[in-house]
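Here it is: the structure, laid out below.
The values are calculated or read from the model by the stated rules, or taken from the named source; none is laboratory data. Small disclaimer: the values here were computed from a predicted structure and weren't measured. Positions of Cβ are generated from backbone atoms using ideal geometry, with glycine treated the same way; all protein chains shown enter the neighbour counts.
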Amino acid sequence: MGLVWPVMAQDADSIPARLPLFEEMEPEVEVHQSESVNQLLLSRTMGVERKYEAVKNGFRIQIYSSNDQRVAARESSDIAEKVRNLNLGLDVYRTYNAPFWRVRVGNFRTQDEANEVMDELKDVLQKQLPELLETGGIYTVHDEEVVLMK
């Protein structure tokens, strides 16, 4: 004789009915780090000339964006890998900001700089990855923080 589990219908006040849908949530990650770790990191970087600087309000080139959850995670991963393998000398960023998966490249101080590289990138992609140009367009986007060489 098998096990039998009672199943009860859930009403509108049940816990699952009151939980927000994943799409409605704004996930956050909070990092708790001891002061000793902060001091160790500072001691390792003191006196080291940094080759890069973080700049607020920069630009990147967006080459993929989709909110189709069935395929977007895999497609964005595949596209990011293909672009990295072209060895264009551009940093490749794959991000998820609910509900969108995006792939962006480069770090630019101005939109004009990004547009200039974007034109060259379109030529390369037309030859190397023409299917990428069919996925919805490539354009420059404002990004909150980019990393630039000094």
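Only one of (1) at pLDDT 90 or above; (2) surrounded by fewer than 16 Cβ atoms within 10 Å (Cβ to Cβ); (3) among the basic types (Lys, Arg) fails for residue 104. Which number is that?
Result: residue 104 passes all but (2).
If you don't mind, another one. Quick check: anything in segment 63-71 closer than 18 Å to residue 144 by Cβ, modelled with pLDDT of 90 or more and among the polar types (S, T, N, Q)?
There is at least one residue in segment 63-71 that is closer than 18 Å to residue 144 by Cβ, modelled with pLDDT of 90 or more and among the polar types (S, T, N, Q).
Let me confirm something: among 143, 112, which residue is exposed (fewer than 15 other Cβ atoms within 10 Å of the Cβ) and either of a type in the set (Asp, Glu) or within 16 Å of the chain's Cα centre (by Cα) (or both)?
Values: 143 fails: exposed (fewer than 15 other Cβ atoms within 10 Å of the Cβ).
The unique qualifying residue is 112.
Out of the residues in segment 115-140 that are within 17 Å of the chain's Cα centre (by Cα) and within 18 Å of residue 57 (Cβ to Cβ), which is surrounded by the fewest Cβ atoms within 10 Å (Cβ to Cβ)?
Across segment 115-140, the extreme among qualifying residues is 139.
For residue 57, state whether it is in a loop (DSSP other than H, G, I, E, B), modelled with pLDDT under 95 and on the phi > 0 side of the Ramachandran plot.
no
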